[in-house]
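Here, each number is a calculation from the coordinates, and none is a lab measurement. Since the structure is predicted, the reported quantities are computational estimates derived from the model, not experimental observations. Cβ placement follows ideal geometry from the backbone for every residue including glycine, while neighbour counts extend to all protein chains displayed.
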Amino acid sequence: MSSEEGLSSTITDWLFINSWWLLLPFIMLLVVAAFIVAFVLLLYMISPLISPKPLKLNGAHVVVTGGSSGIGKSIAVECYRQGAFITLVARDEAKLLQAKKEVEKFAINDKQVVLCISVDVSSDYSQVESVIKQAQEKLGPVDMLVNCAGLAISGKFEDVEVDRFKKLMEVNYLGSVYPTRAVITTMKERRMGRIMFVSSQAGQIGLFGYTAYSPSKFALRGLAESLQMEIKPYNIYVTVAYPPDTETPGLAEENKTKPLETKLISETSGVCQPDQVAKIIVRDAVQGNFNSSVGPDGYMLSALTCGMSPVTSITEGLQQIVTMGLFRTIALFYLGSFDSIVRRCMIQREQSKAADKRE
Ligand SMILES: NC(=O)C1=CN([C@@H]2O[C@H](COP(=O)(O)OP(=O)(O)OC[C@H]3O[C@@H](n4cnc5c(N)ncnc54)[C@H](OP(=O)(O)O)[C@@H]3O)[C@@H](O)[C@H]2O)C=CC1
Ligand SMILES: CCCCCCCCCCCCCCCC(=O)[C@@H](N)CO
């Protein structure tokens, strides 16, 4: 008996099986597992090649549209706290000045400046272009553009005035295209920059009451994906943020006319504070992440709706691969519960209408 046969018979004796061939499936499984581990390790080794270098906010020029209120103002504060120079863009001058004072409280050195510019980002491209030019002359080329100016209107499809559909596309979509168009050439020349679009969880999923709002936020994703493919070789990174309901003057205004269904469905992912949302968004933009989500529901929604969006870290890609099926399963339950909210509200409405008639 050769020593090899001796070894295999020892193993087979030990495992109480009569032929080592029976071990073959396990050996194959081990080999496959080893390959997967090696593949993942290799991916991590090349990950510095695909992840962008973080942007230094200290001394950078950050333009925030919609920076006079809510999420935009919190983003401005967060960047200012990290040493950035800020240009706030919005229409109302009084609100701009008030916001400037609030942001200035968070200075970390005496060189920092907050500039205010009053313009409607959605109406006339040449106006937007000229104010961005002014801002660049005063504070230098834009390192990061935050497109946060936006408006939310909710209501049943037939209740929303027809002109509101156009208005929302103008402010939420074109109002992001114009400032981006005004900074992109300089960014490409400098081969650096960050562009952020503030979409919404309602830009990842269409919901009752958001027939006018959701499309304007979905549009940003299409813009962001296309633009990112064009400008990645120029070292410019795009981030799309998908916040849930956030306690801002904008949300208070929207809530005045929000259908009950929309309220109940939105409650699923709760209400956030603007400072908390801003911290996450700014961190993701600095790191150059394409996707920025808030909270566990936000995380699941983003993994589930990643589609063909660019991937900015190996971990993110692996998480998407592993979790997608599971999250779709969970999503089916959510969808079922949303449908039942809508059905219950309809029945209730009809009952109260019938009661009104009887009186
Ligand atoms: N709050 C929320 O629940 C959520 C909000 N979002 C999105 O985040 C963004 C900010 O929302 P939020 O902070 O609630 O909004 P706010 O209403 O609190 O602030 C909106 C800001 O945008 C400015 N703005 C509006 N229209 C224009 C315009 N045409 N041109 C220039 N500036 C304009 C406003 O200033 P002025 O009116 O003076 O121009 C203000 O500074 C929006 O895009 C919104 O859709 C996304 C998810 C959740
Ligand atoms: C695995 C699947 C998980 C699914 C979770 C689904 C959660 C849906 C909640 C959607 C909330 C929409 C908030 C819109 C906020 C907004 O943009 C306006 N408030 C602006 O003012």
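List the number of the failed condition for Arg283; all other conditions in (1) within 30 Å of Ala60 (Cβ to Cβ); (2) away from ligand 1 (no atom under 11 Å from the Cβ); (3) in contact (Cβ under 8 Å) with a residue 40 or more places away in the chain hold.
Going through (1) within 30 Å of Ala60 (Cβ to Cβ); (2) away from ligand 1 (no atom under 11 Å from the Cβ); (3) in contact (Cβ under 8 Å) with a residue 40 or more places away in the chain one by one, Arg283 breaks only (3).
Residues of region 123-166 being within 29 Å of Glu254 (Cα to Cα) and under 21 Å from the mean Cα position of the chain (by Cα), which ones?
Correct list: Met144, Leu145, Val146, Asn147, Cys148, Ala149, Gly150, Leu151, Ala152, Ile153, Ser154.
Looking for whichever is in contact (Cβ under 8 Å) with a residue 12 or more places away in the chain and outside any loop (DSSP other than H, G, I, E, B) here; the options are Ile184, Ile205. Which one fits?
Ile184
Sort out for me the helices (runs of 4 or more DSSP H) sitting completely within region 68-172 that have 3 or more residues that are farther than 28 Å from Asp284 by Cβ.
93-104, 125-139, 162-168
Residue-by-condition table, conditions (1) surrounded by 21 or more Cβ atoms within 10 Å (Cβ to Cβ); (2) in contact with a helix residue (DSSP H, G or I) (Cβ under 6 Å, 6 or more places away or on another chain); (3) small (Gly, Ala, Ser):
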position	(1), (2), (3)
Arg181	no, no, no
Val198	yes, no, no
Thr211	no, no, no
Lys217	yes, yes, no
Glu225	no, no, no
Glu230	no, no, no
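For the structure I just gave you, tell me whether Lys357 is part of a helix (DSSP H, G or I) and farther than 29 Å from Met144 by Cα.
It is true that Lys357 is part of a helix (DSSP H, G or I) and farther than 29 Å from Met144 by Cα.
Determine if region 228-245 includes at least one residue that is within 10 Å of ligand 2 (Cβ to nearest atom) and outside any loop (DSSP other than H, G, I, E, B).
yes
Can you pull out every residue in region 157-182 that is of a type outside the set (D, E, K, R) and over 18 Å from Gly72 (Cα atoms)?
Across region 157-182, the qualifying residues are Phe157, Val160, Val162, Phe165, Met169, Ala182.
Being surrounded by 14 or more Cβ atoms within 10 Å (Cβ to Cβ) and of a type in the set (S, T, N, Q) is the filter; apply it to region 238-259 and report the residue that is farthest from Ser302 (Cα to Cα).
Asn255
Ile314 - would you say it is touching a residue at least 60 places away in the same chain (Cβ under 8 Å) and out of contact with any Gly (no Cβ under 8 Å at 6 or more places or on another chain)?
yes
Might you check whether a residue that is out of contact with any helix residue (DSSP H, G or I) (no Cβ under 8 Å at 6 or more places or on another chain) and closer than 14 Å to Ser200 by Cα occurs anywhere in region 282-297?
There is no residue in region 282-297 that is out of contact with any helix residue (DSSP H, G or I) (no Cβ under 8 Å at 6 or more places or on another chain) and closer than 14 Å to Ser200 by Cα.
Please enumerate the residues belonging to region 292-348 that are in a helix (DSSP H, G or I), within 13 Å of ligand 2 (Cβ to nearest atom), hydroxyl-bearing (Ser, Thr, Tyr) and out of contact with any strand residue (DSSP E or B) (no Cβ under 6 Å at 6 or more places or on another chain).
Thr323, Thr329, Tyr334, Ser337
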